[in-house]
Amino acid sequence: MGICDGRVVIVTGAGRGIGREHALEFARQGAKVVVNDLGVSLAGEDTGESPGDQVVAEIAALGGEAVAHGADVADFAQAGELVQCALDTFGGLDAVVNNAGFVRDRMFFTTSEDEWDAVIRVHLKGHFATTRQACDYWRAQSKAGVTVDARIINTSSGAGLMGSVGQSAYSAAKAGIAALTLVQAAELGRYGVTANAIAPSARTRMTETVFADRMTAPEMGFDPNHPENIAPLVVWLASARSAHVTGRVFEIEGGMVSVADGWQHGTVHDEGRRLDPATIGPIIDRLLATAPAPAPVYGAS
């Protein structure tokens, strides 16, 4: 028995890293897991591997129930097949954890159109397609009078909240995911669906090289960078216990968790008439003097 006992959960990008740890912890907490992974490289290239099958085998060894599905989550039809897999295999769907993604790090001025499109597609459209297909099921259930208690857990990033040098496409996609989460929460609550996002920090294929100085594992004791540290929050957010939490973005690293404080309306100057380009400068200066300084962009000197 666990906090997700009997719940059916899709975890995308669950073959490795953070997603794998999500899937394993869900199984330990009693969930039935659809393990989605396309088996691509860090840059999104086909590797011919099937890491999802390995995770399913690990879950079976734990005594849990899981099935692998290799859908491309950014393909709308395949995302529908992924959702249908959960319904056909386990008879329902209670949570979608959007985790799949890859990076193609470049400075903005050297990013190609193809690189930009690929990163935006897997992260932003991937979050849209899978959840949009799941919402068809949840809305139909709600309209049929069935009580829905469903969860969306999206994966943003510190790069999406603060920006990250050399990761313009990734930062833009992750910022979009944070905003998407707020809209999902506002629109879907009436159907019994909550939406939250995490901005995790852990040692994965995406971070172990770029942030190598921070991601080294200790020789002994607690490893604050291990990807398993992210799973407890995600599993709780997918449980029935989190029904009162929606529209939030959580930063999590090691044993630390916090609620990210997003954009807020700041101090207002009202001229009472159309502003004049010749005199607006001092107004902006006064507003900036009272506004909090923006958090520094990751990697900025």
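The values are calculated or read from the model by the stated rules, or taken from the named source; none is laboratory data. Remember, it's a predicted structure, so these values are computed and weren't measured experimentally. Note that we place each Cβ from the backbone using ideal geometry, even for glycine, and neighbour counts take in every protein chain shown.
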Worksheet, complete the sentence: Subset of the range 178-193, residues acidic (Asp, Glu) and surrounded by 13 or more Cβ atoms within 10 Å (Cβ to Cβ), comes to none
Response to the item:
Matching residues in the range 269-301 (more than 30 Å from Ser157 (Cβ to Cβ), in contact (Cβ under 8 Å) with a residue 12 or more places away in the chain and part of a loop (DSSP other than H, G, I, E, B)) number 2
Discussion item. Could you check the range 127-156 and list, in sequence order, the residues that are within 16 Å of the chain's Cα centre (by Cα) and among the basic types (Lys, Arg)?
Written reply: Arg132, Arg151
Worksheet item: Which of the residues that make up the range 189-244 are farther than 25 Å from Tyr170 by Cβ, charged (D, E, K, R) and modelled with pLDDT of 85 or more?
Response: Arg190, Arg241
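Considering Ala95, Ala60, which residue is closer than 23 Å to Asn154 by Cα and either in contact with a strand residue (DSSP E or B) (Cβ under 8 Å, 6 or more places away or on another chain) or in contact (Cβ under 8 Å) with a residue 24 or more places away in the chain (or both)? Full working, then the answer.
On the way: Ala60 fails: closer than 23 Å to Asn154 by Cα.
Among Ala95, Ala60, only Ala95 is closer than 23 Å to Asn154 by Cα and either in contact with a strand residue (DSSP E or B) (Cβ under 8 Å, 6 or more places away or on another chain) or in contact (Cβ under 8 Å) with a residue 24 or more places away in the chain (or both).
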Worksheet, complete the sentence: The condition of being surrounded by fewer than 17 Cβ atoms within 10 Å (Cβ to Cβ) and out of contact with any Asp or Glu (no Cβ under 9 Å at 6 or more places or on another chain) holds, among Arg121, Arg132, only for Arg132
Worksheet item: Is one or more of the residues making up the range 147-154 out of contact with any Gly (no Cβ under 6 Å at 6 or more places or on another chain), assigned to a helix (DSSP H, G or I) and either under 26 Å from Arg20 (Cα atoms) or of a type in the set (Gly, Ala, Ser) (or both)?
Response: no
Worksheet item: Looking at the range 245-286, which of the residues that are in contact with a Ser or Thr (Cβ under 6 Å, 6 or more places away or on another chain) and farther than 27 Å from Val165 by Cα is modelled with the highest pLDDT?
Response: Thr246
Practice prompt. Could you check Phe108 against (1) buried (at least 23 other Cβ atoms within 10 Å of the Cβ); (2) touching a residue at least 24 places away in the same chain (Cβ under 8 Å); (3) of a type outside the set (Lys, Arg) and say which number it fails?
Written response: (1)
